[in-house]
Amino acid sequence: MAPEHALVDLQPTPERILAEVVEGLSHSPRWLPSKYFYDAEGSRLFEAITRQPEYTLTRTELTLLEAVLPQIASAVGPGLQVVEYGSGSGRKTGLLLAGLDDVVAYAPVEISRSALEASVARLRAQFPAVEMLPVLADFTRAVELPAPRRPARDVLVFFPGSTLGNFTHAQAVGLLAIMRALLGPQGHALVGFDLDKDPRVLEAAYNDAAGVTAAFTLNLLRRLNREIGSDFDLDGFAHRAVYAGERMRIETSLVSLRAQTVRVGGHRFAFAAGEAIAVEISQKYTRGSVAGLAAEAGLRLAGWWTDADHGFALGLLAPD
Ligand SMILES: C[S@@+](CC[C@H](N)C(=O)[O-])C[C@H]1O[C@@H](n2cnc3c(N)ncnc32)[C@H](O)[C@@H]1O
């Protein structure tokens, strides 16, 4: 059995979080980084979202991955180091590691400590021959990955959940370029893409009837109050998620329900009634938009699989 590795801890400090929050709230229009949704409660609520009847993304991706894994395994070959960005609960990872041949090491890069610790403990027990190299970090910043003890033949980057869609076009190209640099000439990136579809279906997915997504969005403010000492009134803001068809994306915001002032660090931010803080985008894709995005990062589509309803796709990207 591979001996246990300590977790590499590069978690953002409260000072860093405060600086990013002040920067976002000072901007017009105001925004907050979506990566800060994921404290322990945020990760728990995200898992609950994936089980809501309206949110089919996770179930569809899991079924698709299971169906096409033999094709992916033969395309990427044996003896890989798997690097996963934003691994969350690691449910999809378990499927992937079981379907690939002789995985050498698994390096998840995840910002949520609770999600990372729980998923690695479970995967370590399930895959004792795979060296676990967890990194607690913000993957949008340069992160040095630990090297596996047994050299891997190649790298497979795994980026499921359409998490790439939480980034603007320029940021997504930047992230794909970081991944490309990890791949070397022969590696691959397996990326999940939520495809564009009926706006009513999309809006329902981000406005579930049980209110779990709304609780997830508002939890961002609770987390900030606890960790950076802000005084957001959780009853003073409401979740809003609308489909912006011209940009092919869901735009999620927290809307101020009245005129109010919020203290953050030494700063005071005045909100008008109805004023929004942009907190997340969820870009939707077509095969053409993915191919274009990949090309801008020096990658090409080496494989493309969708579910029968063309709601979700797995793209296998390789260096151009
Ligand atoms: C949309 S969830 C997807 C989770 C999982 N990959 C899935 O497919 O169900 C995004 C995940 O990425 C993590 N995450 C978001 N932004 C991150 C960042 N900048 N750095 C590291 N992890 C991040 C979150 O904590 C969360 O676990």
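The values are calculated or read from the model by the stated rules, or taken from the named source; none is laboratory data. The structure displayed is predicted, hence computed values, not measured ones. With ideal geometry, Cβ positions are generated from the backbone for all residues, glycine too; neighbour counts draw on all protein chains shown. Ligands, DNA and RNA are stripped out before the accessible areas are found, and what is left, the full protein with its side chains, is counted by its heavy atoms. Shrake-Rupley method; radii C 1.70, N 1.55, O 1.52, S 1.80 Å.
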How big is the Kirkwood radius of region 58-175, worked out from every pair of different alpha carbons and given in Å to one decimal?
14.7
Enumerate by residue number the GluC sites (Glu not before Pro) in region 1-57 meeting two conditions: DSSP loop (anything except H, G, I, E, B), and at most 13 other Cβ atoms within 10 Å of the site's Cβ.
4
Could you work out what % of the accessible surface of the chain is carbon and sulfur, using a 1.4 angstrom probe and leaving DNA, RNA and ligands out of the count?
56
Expressed as a whole number of Å, what is the distance separating the alpha-carbon centroids of region 237-259 and region 41-99?
27
Could you state the angle between the C-alpha long axis of helix 57-76 and the longest principal axis of the C-alpha atoms of the chain, as a value from 0 to 90 degrees rounded to the nearest 10?
30
Using only helices, what value at 222 nm comes out for the chain when you add -39,500 (n - 2.57) per DSSP H run of length 4 or more and divide by the total residues, to the nearest 500 deg cm²/dmol?
-11500 deg cm²/dmol
For residue 299, what residues show an amide H to amide H distance below 5 Å, using hydrogens built from the backbone and excluding near sequence neighbours?
320
Between the alpha-carbon centers of region 263-288 and region 298-320, tell me the distance in whole angstrom.
30
Taking H as built 1.01 Å from N, whose amide H comes closer than 5 Å to the amide H of residue 131, not counting residues under 5 places away?
105, 106
Between residue 26 and residue 296, the FRET efficiency computed from the C-beta separation at R0 = 25 Å comes out, to the nearest 0.05, as 0.25
With angles folded into 0 to 90 degrees, how steeply does helix 287-296 sit against the dominant principal axis of the chain? Use alpha carbons for both and round to 10.
80
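How high is the relative contact order of region 103-184? Use alpha-carbon pairs under 8 Å, at least six apart in sequence, and give a whole percent.
Numbers: 70 pairs, mean separation 25.1, N = 82.
That works out to 31 percent.
For residue 181 and residue 289, what is the calculated FRET efficiency with R₀ set at 25 Å and r taken between the beta-carbons, to the nearest 0.05? If you can, show how the numbers build up before the last one.
Numbers: r = 23 Å, r/R0 = 0.90.
After rounding to 0.05, the efficiency reads 0.65.
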Can you give me the angle between helix 212-228 and the longest principal axis of the chain, using Cα atoms only, in degrees from 0 to 90, rounded to the nearest 10?
80
Most mobile of 29, 160, 199 in a GNM of the chain (Cα contacts under 10 Å)
29
Suppose each label sits 7 Å from its Cα in the direction of the beta carbon; what would the residue 153-residue 6 distance come out to in nanometres?
3.4
Distance in nm between pseudo-label sites at residue 304 and residue 267 (7 Å out along the Cβ direction from Cα)
4.1
Stick to Cα atoms and the Kirkwood definition of Rh, then tell me Rg/Rh for the chain.
0.96
